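Input: a single structure, listed below in structure tokens.
The values are calculated or read from the model by the stated rules, or taken from the named source; none is laboratory data. Since the structure is predicted, the reported quantities are computational estimates derived from the model, not experimental observations. Cβ placement follows ideal geometry from the backbone for every residue including glycine, while neighbour counts extend to all protein chains displayed. The protein model used for the area step is the full one, side chains on, heavy atoms only, and it has no ligands, DNA or RNA in it. Shrake-Rupley method; radii C 1.70, N 1.55, O 1.52, S 1.80 Å.
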Amino acid sequence: QVQLVESGGGLVQAGGSLILSCAASGHTFSRYAMGWFRQAPGKEREFVAAISWSGGSTSYIESVKGRFTISRDNAKNTVDLQMNSVKPEDAAVYYCAARTTDILRSSRFEYQYWGQGTQVTVSS
């Protein structure tokens with residue numbers, strides 16, 4: 001099993017940047033595919049980005065391509081989401097999630113472990 005804790009959320013100006021981090025603990029972490037999801041008030045939790053255990057494969061939702069970058073450091077057991085050129089539509093609670101197999105998936109139902117979430121607020 002794996003435990004996940006997100007951090008780095010907060011208030012950011014539209015057009016600004018923010019880095020979200022996810023700290024993981026537990027065995028076989030380096031072989032878990034990891035993902036970032038977000039959920040805004042009144043909306044379903046949606047996929048944002050995913051990364052394979054080696055970091056060699058990544059996937060993004062179309063609306064964040066070119067603006068967000070997912071990365072991982074297995075030596076530190078961390079997964080980051082670099083958010084650039086943030087928009088008001090990016091405001092949400094962001095969740096880190098883990099899959100027990102190294103296959104990228106975009107459905108929240110394909111992830112077994114979840115963090116508690118970190119709030120991202122965008123001001124204009």
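Tabulated values for the structure
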{"read-out": "Strands (runs of 3 or more DSSP E) (entirely within the stretch 1-96) containing at least 3 residues that are at pLDDT below 95 and in contact with a helix residue (DSSP H, G or I) (Cβ under 9 Å, 6 or more places away or on another chain)", "value": "none"}
{"read-out": "Subset of the stretch 65-83 that is farther than 14 Å from SER17 by Cα and of a type in the set (Ser, Thr, Tyr) - its residue that is surrounded by the most Cβ atoms within 10 Å (Cβ to Cβ)", "value": "THR78"}
{"read-out": "Top-ranked residue in the stretch 84-108 [being open to solvent by 10 Å² or more (accessible area, probe 1.4 Å) and charged (D, E, K, R); ranked as nearest to ALA23 (Cα to Cα)]", "value": "ARG99"}
{"read-out": "Number of the exception - ALA24 against (1) among the aliphatic types (A, V, I, L, M); (2) over 17 Å from GLN1 (Cα atoms); (3) out of contact with any Phe, Trp or Tyr (no Cβ under 7 Å at 6 or more places or on another chain)", "value": "(2)"}
{"read-out": "Flag if ALA97 is in contact (Cβ under 8 Å) with a residue 24 or more places away in the chain, within 13 Å of the chain's Cα centre (by Cα) and closer than 18 Å to VAL120 by Cα", "value": "yes"}
{"read-out": "Boolean, SER21 is within 15 Å of ASP73 (Cα to Cα), among the hydroxyl-bearing types (Ser, Thr, Tyr) and open to solvent by 70 Å² or more (accessible area, probe 1.4 Å)", "value": "no"}
